Amino acid sequence: MSSMMELIQELWYLARELVSDEYDQALYRLADEVPMTIHEYPTGMPAWTWTVPEKWTCRQAYLETLDGRRIIDRNEHPLHVVSYSLPFEGVVSREELLDHLHVHPDNPDWIPFVFKYYQRDWGLCLPGSVRDLLDEDRYRVVIDTVFEPGTLKVGEVIVPGELEESFMLAAHLCHPAMVNDDLSGVVVGLDAMRQLLAGPKPRYTYRFLVLPETIGSVAYLSQNEDLIPTMAGGLFLEMLGNDSGLALQQSFQPESQADRALIAGLRGAVPDAYVGPYRTIINNDERQFNAPGVRVPMLSLSRVERPELTESMYRPYPEYHSSADTPEIVSQARLEDGRQAVLVMLAAFDRNEYVVNRFKGEVFASGHGIWIDYHTNPEGHRNLFQIMERCDGSRTMADIALELGISFQAVWEIVSRFVEKDLAAFSRIPQPTDPPRRAGLNRNLI
Ligand SMILES: [Zn+2]
């Protein structure tokens, strides 16, 4: 079994394009690490309003002077050619060439990642410092790319639970020769699944999807519509190896129990993690799950500076979408912390239920063996009474944690004492225990 960092070292440099041999090679390698089903969707298959794209292969691509001096060559870096560039071969004026060259907006030494999956154009990418030296009138361009029928592949790892209801994890694998975005999310998800598979059977079923961004999610969802009603929540994973703090982005339904449980769970493990609303931290496959007709509350976990510290969500870390996103900017320690955070959040989601009181009035705590001494544990004492007050069959443990601004784990600790002493029970559905008021009495006046 390879560590997360070993998998990154092995797979990062592959040109993992949407539908391509090197994407497949990476996916099959990951399937050696954990039981994985690989779904295949053929080129041209309609997927809701989308169509599965062609397989794309770049056989060679370079730019040279008319006397044969190579300026850039894709053999030296997969990012030198625009992903899904049309083929092109010919001599062009410098002016025309410049229209098809892409450079990094900030760093003159980095090659940018540019993709034109659907715009259909040819293009090359290079460091700005190299472009700025181009002073000849004409250049030779060779882009030998092939578009042909293939199959888009989505890997699915399943941890069966007691319930058919599932929690979806997702990460994309389609960023050629880059690490933090996106391979880091893939290996963290994979390692979390390895740990879940090795542990006791969870309540929910967990499904982890490894896919090409956007189209992979749409293809999978459109071909598994019957599963959508069973999806109780989800978490997208990306950018988990760099040094920024953990950031959790809420779903389109921030009041969902998935949102509440994950936020309250993360608070217990990483109290200083940043939590932000939907579409304010990152934009990825969670959009397809949150979208109309699907509406699965999918959150997203990444390592991103708080928005006030970054220029824009379109540049979440300096090396983003460039040749500088290499194994050097990620570490096994950060990946492990990320995986731990994922597991803690999933544990909270898995345990989250309504708490139904079997007591009336305030429990005689010392008489029932649940007393917490305020001299030795003032916080525990306060939690005990504030949590007790909220055990009424209409709140989940995550609801109680968020109401009180404490962690899921703190609520769990107290509630499990109540359940042990038969003072409360768990329920998957609300069972409010507030007594009905006599008819005609205006509740608002009570
Ligand atoms: Zn990206």
Kindly indicate whether any position in the stretch 204-217 is open to solvent by less than 20 Å² (accessible area, probe 1.4 Å), away from the ligand (no atom under 16 Å from the Cβ), within 20 Å of GLU40 (Cα to Cα) and not in a loop (DSSP other than H, G, I, E, B). yes
Options GLU213, GLU286, GLU225: the member that is closer than 28 Å to LEU163 by Cα and in contact with a strand residue (DSSP E or B) (Cβ under 7 Å, 6 or more places away or on another chain): GLU286
Residues satisfying the stated conditions in the stretch 106-145, i.e. open to solvent by 50 Å² or more (accessible area, probe 1.4 Å) and modelled with pLDDT under 95: ASP106, TYR118, GLN119, ARG120
Out of everything in the stretch 386-403 that is open to solvent by 30 Å² or more (accessible area, probe 1.4 Å) and touching a Lys or Arg at 6+ places or on another chain (Cβ under 8 Å), what residue ends up being nearest to ILE263 (Cα to Cα)? LEU402
Tell me which of these GLY185 doesn't satisfy, since it passes every other one: (1) more than 16 Å from the ligand (Cβ to nearest atom); (2) in contact with a His (Cβ under 9 Å, 6 or more places away or on another chain). (1)
In this structure, does GLU238 turn out to be acidic (Asp, Glu), within 16 Å of the ligand (Cβ to nearest atom) and under 22 Å from ALA347 (Cβ atoms)? yes
Which numbered condition ILE406 misses (of (1) under 22 Å from VAL270 (Cα atoms); (2) open to solvent by 50 Å² or more (accessible area, probe 1.4 Å)): (2)
Only one residue in ARG279, ARG260, ARG267 is over 16 Å from GLY185 (Cβ atoms) and within 16 Å of the ligand (Cβ to nearest atom), so which one is that? ARG279
Please give the strands (runs of 3 or more DSSP E) falling wholly within the stretch 227-298 in which 2 or more residues are at pLDDT below 95, closer than 23 Å to VAL210 by Cβ and not acidic (Asp, Glu). none
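Kindly provide the set of residues from the stretch 141-182 that are within 16 Å of the ligand (Cβ to nearest atom) and out of contact with any strand residue (DSSP E or B) (no Cβ under 7 Å at 6 or more places or on another chain), ordered by number.
Restricting attention to the stretch 141-182, the residues satisfying the condition of being within 16 Å of the ligand (Cβ to nearest atom) are 170-182.
Within the stretch 141-182, CYS174, HIS175, ALA177, MET178, VAL179, ASN180, ASP181 qualify.
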Residue satisfying condition, being in contact with a Phe, Trp or Tyr (Cβ under 9 Å, 6 or more places away or on another chain) and among the hydroxyl-bearing types (Ser, Thr, Tyr), within set SER184, SER166: SER166
Which of (1) surrounded by fewer than 20 Cβ atoms within 10 Å (Cβ to Cβ); (2) within 14 Å of the ligand (Cβ to nearest atom); (3) among the hydroxyl-bearing types (Ser, Thr, Tyr) does SER331 not meet, given it meets every other one? (2)
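Kindly establish whether ALA247 is more than 23 Å from ASP32 (Cα to Cα), within 16 Å of the ligand (Cβ to nearest atom) and either of a type in the set (Gly, Ala, Ser) or free of Cβ contacts under 8 Å to residues at least 40 places away in the same chain (or both).
Against the criterion (more than 23 Å from ASP32 (Cα to Cα), within 16 Å of the ligand (Cβ to nearest atom) and either of a type in the set (Gly, Ala, Ser) or free of Cβ contacts under 8 Å to residues at least 40 places away in the same chain (or both)), ALA247 qualifies.
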Can you pull out every residue in the stretch 171-198 that is touching a Leu at 6+ places or on another chain (Cβ under 7 Å) and over 12 Å from LEU11 (Cα atoms)? ALA171, HIS172, GLY185, VAL188, GLY189, LEU190, ALA192, GLN195
Give the number of residues within the stretch 337-385 that are open to solvent by less than 70 Å² (accessible area, probe 1.4 Å) and either out of contact with any Pro (no Cβ under 8 Å at 6 or more places or on another chain) or among the charged types (D, E, K, R) (or both). 31
Some residue of the stretch 306-327 being over 34 Å from the mean Cα position of the chain (by Cα) and either closer than 30 Å to SER166 by Cβ or in contact (Cβ under 8 Å) with a residue 60 or more places away in the chain (or both): no
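The values are calculated or read from the model by the stated rules, or taken from the named source; none is laboratory data. Keep in mind that this is a model prediction, so the values were computed, not measured. Positions of Cβ are backbone-derived with ideal geometry, glycine not excepted, and every protein chain shown enters the neighbour counts. Ligands, DNA and RNA are stripped out before the accessible areas are found, and what is left, the full protein with its side chains, is counted by its heavy atoms. Shrake-Rupley method; radii C 1.70, N 1.55, O 1.52, S 1.80 Å.
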